[in-house]
1. Taking residue 199 as meeting all but one of (1) assigned to a helix (DSSP H, G or I); (2) surrounded by fewer than 17 Cβ atoms within 10 Å (Cβ to Cβ), write down the number of the exception.
2. Would it be correct to say that residue 127 is within 26 Å of residue 60 (Cβ to Cβ) and either exposed (fewer than 14 other Cβ atoms within 10 Å of the Cβ) or modelled with pLDDT under 95 (or both)?
3. Within the bounds of the stretch 67-77, is there any residue that is within 17 Å of residue 148 (Cβ to Cβ), assigned to a helix (DSSP H, G or I), without any contact (Cβ under 8 Å) to a residue 40 or more places away in the chain and in contact with a helix residue (DSSP H, G or I) (Cβ under 9 Å, 6 or more places away or on another chain)?
4. Tell me whether the stretch 31-40 contains one or more residues that are over 22 Å from residue 104 (Cβ atoms) and over 13 Å from the mean Cα position of the chain (by Cα).
5. List the number of the failed condition for residue 109; all other conditions in (1) in a helix (DSSP H, G or I); (2) surrounded by 20 or more Cβ atoms within 10 Å (Cβ to Cβ) hold.
6. Among the residues of the stretch 64-86, is there at least one that is surrounded by fewer than 21 Cβ atoms within 10 Å (Cβ to Cβ) and at positive phi?
7. Which of the numbered conditions does residue 10 fail, given that it passes all the others? Conditions: (1) surrounded by 18 or more Cβ atoms within 10 Å (Cβ to Cβ); (2) farther than 16 Å from residue 84 by Cα; (3) in contact (Cβ under 8 Å) with a residue 40 or more places away in the chain.
8. If I filter the stretch 17-25 for residues that are outside any helix (DSSP H, G or I), closer than 21 Å to residue 184 by Cβ and touching a helix residue (DSSP H, G or I) at 6+ places or on another chain (Cβ under 8 Å), do I get at least one hit?
């Protein structure tokens, strides 16, 4: 196996491959194939699981969630065969691909499910902590977006604690990207207008559904 830390071509290949994999818009593909239509034209217009759930098809939303997380995990696991650096770069590439998919003119999702997937593959205890954090915050405050933000922002700290910081910088970049993608949610949270989990209606909140 090549040493990823000293082979630039390995890092570039890891990022490019992960980006292309991350760019696959599973929510849009599944919704279209199932006859649910173009999810970019409903709800928040997002391609993630939360917006897929707005079609009323819970199974479809769950499949989207698992596939969006799975593509991130697969990208990291494949790249990890070439070293820890390649795995970290692939983690970033997968999330960037989901947020800025080449197939959709760089207009994608918010990256949470894919971020969770890459963290589960990078260090599964960290991934589990992120999931647990999401569940706890969501249960207390009933805001999916807030739960996602807290969980992903804490991921670099979890990596420093459990992994020694090997991928903490990558996690920090991913966290910044996720926060930027949630800027409208943050405005609604501050204004008290964000839709809560289980609430009916709402225009672009991350209400029913979980990571997106």
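1. It is condition (1) that residue 199 fails.
2. Working: within 26 Å of residue 60 (Cβ to Cβ): yes; either exposed (fewer than 14 other Cβ atoms within 10 Å of the Cβ) or modelled with pLDDT under 95 (or both): no.
Taking the combined requirement at face value, the residue does not satisfy it.
3. From the stretch 67-77, those within 17 Å of residue 148 (Cβ to Cβ) are 68-69, 72; that's our starting set.
From what is left, the residues that are assigned to a helix (DSSP H, G or I) are 68-69, 72.
Cutting the leftovers down to without any contact (Cβ under 8 Å) to a residue 40 or more places away in the chain gives us none.
No: zero hits.
4. Residues of the stretch 31-40 over 22 Å from residue 104 (Cβ atoms): none.
No, there is no match, as no residue in the stretch 31-40 is over 22 Å from residue 104 (Cβ atoms) and over 13 Å from the mean Cα position of the chain (by Cα).
5. (1)
6. The answer is yes, given that some residue of the stretch 64-86 is surrounded by fewer than 21 Cβ atoms within 10 Å (Cβ to Cβ) and at positive phi.
7. Condition not satisfied by residue 10: (2).
8. Looking through the stretch 17-25, at least one residue is outside any helix (DSSP H, G or I), closer than 21 Å to residue 184 by Cβ and touching a helix residue (DSSP H, G or I) at 6+ places or on another chain (Cβ under 8 Å).
The values are calculated or read from the model by the stated rules, or taken from the named source; none is laboratory data. Source: prediction; values computed, not measured. Neighbour counts run over all protein chains shown; Cβ positions are idealised from the backbone, glycine included.
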